[in-house]
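The values are calculated or read from the model by the stated rules, or taken from the named source; none is laboratory data. Values in this document were obtained by computation on a predicted structure and should not be read as measured data. Virtual Cβ from ideal backbone geometry, glycine too; neighbours counted across all protein chains shown.
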Amino acid sequence: QIADKGNHRHFMAKEIHEQPEVISHTLANLIDMAAGRVNFPDLGVDLSKLSRVTISACGTAYYAGLIGKYWIERYARVPVEIDVASEFRYREPPLPEGGLAVFVSQSGETADTLATLRYCKSQGQRIASIVNVRTSTIARESDAVLPTLAGPEVGVASTKAFTCQLAVLAALAIALGRARGAISAELEQELVGALMEVPRHISSMLSDESVYEALAHDLSRARDVLYLGRGVNFPLALEGALKLKEISYIHAEGYAAGELKHGPIALIDESVPVIVVAPKDELFDKTVSNVQEVAARGGQIVFVSNGESDEVGCDVVAHITIPDVHPFTNPLIYAVPAQLIAYHTAVFMGTDVDQPRNLAKSVTVE
Ligand code: G6P
């Protein structure tokens, strides 16, 4: 594939718009569409006997892994240990006998992730990697490869690779859930059906970006931005903040909404936009009550939700309306506004979106 920008101004925009297609490809590889079941390669371990799953990665891939932890623990009822590779490799934690270690990496060359993989191998773990570059070192040193079929990703800030990593992790959670008898055949079909709907929903969200262009004016004036989420959408808040930092250079912090009162609420005043990832799931009411605490202190709320604006119970500076989807797939869907908020803010500010200062696409040295 030749990397060109097509009709887009930046590779990042092109890659955001490729997501419906590349997520479809990635899912088609792991799902029996007709049967509505996952169709997973043999990972060389008895999934029903695992006492724990270990995940490690860096940067955006780490946040994908963190979302994977929520999914796997919820749907497969197996504990997941996860850490950034640069900590994991030196912490050298004890690992369960015959365990499964999963590595997530777009490039497959990140030095810390590779070192962690080698440590896990030395501890007798089976190694499965979720990689975008099939010929990479991490892919070659793995026992099993679960590919993301995102195609070449040129923009330094990862977008389509991230959502494809999520697609693989979601399928892995279902495969583990089935192997362990934690989900019924009906639930498996429901979850697989929900995943198959993701590309269509993302396409519809990409048909009009004007709300993000308008929001960019406000965000560009901010010195600090807070990103809040709960549950499986908490890692997404971390990823949204990372994206904003990476390409717009605005200081942004992702926080678990319930932790707000334990510190960050001290930062809130009229100059701080607070982006709230608030799908109408079982935690919506809790998130809304956190939002009201922020609004009462003057914080400027950007409400990213499939709920109605009047359900927040306070004024919002922007409501980014998200389609109603199955709650299982929320992280895949809400990843898109996180990308577009960062992208349009960076474009408005005139930064080098595809090649942000000081960052490398792949960090192959420690
Ligand atoms: C760099 C990139 C990030 C990426 C991280 C991990 O920091 O700028 O976009 O998430 O490395 O890279 P990997 O290739 O292992 O996913």
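Some points to look at:
- In the range 186-207, residue farthest from A128 (Cα to Cα) [restricted to those that are in contact (Cβ under 8 Å) with a residue 24 or more places away in the chain and of a type in the set (G, A, S)]: S204
- Condition broken by E92, with the remaining ones in (1) acidic (D, E); (2) at positive phi; (3) buried (at least 18 other Cβ atoms within 10 Å of the Cβ) satisfied: (3)
- In the range 22-79, the residues that are out of contact with any helix residue (DSSP H, G or I) (no Cβ under 6 Å at 6 or more places or on another chain), assigned to a loop (DSSP other than H, G, I, E, B) and within 24 Å of V133 (Cα to Cα): N29, N39, P41, D42, L43, G44, V45
- Leading residue by the ranking (surrounded by the fewest Cβ atoms within 10 Å (Cβ to Cβ)) among those in the range 211-251 that are of a type in the set (S, T, Y) and within 16 Å of the ligand (Cβ to nearest atom): Y249
- Top-ranked residue in the range 311-366 [being part of a loop (DSSP other than H, G, I, E, B) and in contact with a strand residue (DSSP E or B) (Cβ under 8 Å, 6 or more places away or on another chain); ranked as nearest to the ligand (Cβ to nearest atom)]: I322
Let's see how each residue does on (1) surrounded by fewer than 17 Cβ atoms within 10 Å (Cβ to Cβ); (2) out of contact with any Lys or Arg (no Cβ under 6 Å at 6 or more places or on another chain); (3) farther than 14 Å from V192 by Cβ:
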position: M12; (1), (2), (3): no, yes, yes
position: Q19; (1), (2), (3): no, no, yes
position: I23; (1), (2), (3): no, yes, no
position: T26; (1), (2), (3): no, yes, no
position: M33; (1), (2), (3): yes, yes, no
position: S48; (1), (2), (3): yes, no, yes
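- Output for the range 283-297, where each listed residue is of a type in the set (A, V, I, L, M, F, W, C) and surrounded by 15 or more Cβ atoms within 10 Å (Cβ to Cβ): L283, F284, V288, V291, V294, A295
- Of all the numbered requirements in (1) small (G, A, S); (2) in a strand (DSSP E or B); (3) under 22 Å from F284 (Cβ atoms), A252 misses one, and that requirement is (3).
One line per residue, one yes/no per condition, for (1) away from the ligand (no atom under 16 Å from the Cβ); (2) of a type in the set (F, W, Y); (3) modelled with pLDDT of 95 or more:
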residue	(1), (2), (3)
I31	yes, no, yes
Y63	no, yes, yes
I72	yes, no, yes
A76	yes, no, yes
V84	no, no, yes
A101	no, no, yes
A111	no, no, yes
L117	no, no, yes
K121	yes, no, yes
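- Selection count, the range 72-84, where residues are under 20 Å from A237 (Cα atoms) and buried (at least 24 other Cβ atoms within 10 Å of the Cβ): 1
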